[in-house]
Amino acid sequence: MRRQPVGNAHLIAGGPEHVETVLEMLKNDGISVRGNPDIYVRTYRHFGIDEAREMRERAAARPLGPRRYFILVCPSMTSEAQNALLKTIEEPPVEAAFYIITPAPQTLLPTLRSRMQIADASDYTTEASGSGIDAREFLAAAPPKRLDMLKPLLQKGEDERRDSGAIVSFLSELEVALSGDFRKKMREDMPAMKQGIEALYRARAYAMDKGALVKPLLEQVALLCPQM
């Protein structure tokens, strides 16, 4: 990021590695970033309704200096959380600025995206690395191997939740990899490519929903995406 964007809310495509990018941008704008109590940085594994409410309360607190800066890495965000966060974005305190970093901004609710400035992609690296699965290797593999590669994403943590952020990152990386050979493959086998893209979009649309059947959604992606 070459200069500080104008406005209170900014949406950035990426992961935790972009926190330093935002901090460097603030530093270049003359803002002290080390030991500054008005800069709040948080990386979430899961951003739900409780986290959104907490953020609203923090944003309502007065800054010690001229302004508070919230840099939030949100690999996944529930629809309920987005609607709650929307209220904060729509009526933000004058002294608060938000930088929300997420691997797939296009998966957020249109109402939330429309209230935020989306950063120029040329200011960031485009290669995602949050899933731990090589998307091109996945596409080159046969379905049985693909299903085996998905196992780490389907494991649950101590909180009995899957890492939905890693799942969304993987699906976004897969979309980028697919788009590289999209036109060629469309000419060769249009129905197969269409089925694969639809399965990918369907999985990404529902992956963060509470109670979503993530395993069959990902299995459909593994079985329907064309081999490349």
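Tabulated results
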| item | result |
| --- | --- |
| The range 34-60 residues that are assigned by TED's automatic domain parsing to the domain that holds LEU23 and among the hydrophobic types (A, V, I, L, M, F, W, C), paired with ones that are modelled with pLDDT of 90 or more and part of a strand (DSSP E or B) (beta carbon under 6 Å, 6 or more apart) | ILE39/TYR69; VAL41/ILE71 |
| Which numbered condition GLU80 fails, given (1) outside any loop (DSSP other than H, G, I, E, B); (2) surrounded by 21 or more Cβ atoms within 10 Å (Cβ to Cβ) | (2) |
| Residue that is modelled with the highest pLDDT, among those in the range 112-147 that are in contact with a Phe, Trp or Tyr (Cβ under 9 Å, 6 or more places away or on another chain) and surrounded by fewer than 17 Cβ atoms within 10 Å (Cβ to Cβ) | LYS145 |
| Residues being more than 24 Å from MET25 (Cβ to Cβ), at pLDDT below 85 and either touching a strand residue (DSSP E or B) at 6+ places or on another chain (Cβ under 8 Å) or of a type in the set (Val, Ile, Thr) (or both) - total across the range 50-107 | 2 |
| Residue match in the range 89-98 (condition: crowded, with 19+ Cβ neighbours inside 10 Å, under 30 Å from TYR201 (Cβ atoms) and not assigned by TED's automatic domain parsing to the domain that holds VAL168) | yes |
| Per-region count, the range 20-58, residues touching an Asp or Glu at 6+ places or on another chain (Cβ under 9 Å) and under 19 Å from ALA84 (Cβ atoms) | 7 |
| Qualifying residue in the range 66-85 (condition: among the charged types (D, E, K, R) and in contact with an Asp or Glu (Cβ under 6 Å, 6 or more places away or on another chain)) | yes |
| Single unsatisfied condition, ILE31 versus (1) without any contact (Cβ under 8 Å) to a residue 40 or more places away in the chain; (2) surrounded by fewer than 17 Cβ atoms within 10 Å (Cβ to Cβ) | (2) |
| The range 89-109, residues that are over 14 Å from the mean Cα position of the chain (by Cα) and not charged (D, E, K, R) | ILE89, PRO92, PRO93, VAL94, ALA96, ALA97, PHE98 |
| Test for THR88: is it in contact with an Asp or Glu (Cβ under 9 Å, 6 or more places away or on another chain) and assigned to a helix (DSSP H, G or I) | no |
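The values are calculated or read from the model by the stated rules, or taken from the named source; none is laboratory data. Because the structure is a prediction, the values reported are computed rather than measured. Virtual Cβ from ideal backbone geometry, glycine too; neighbours counted across all protein chains shown.
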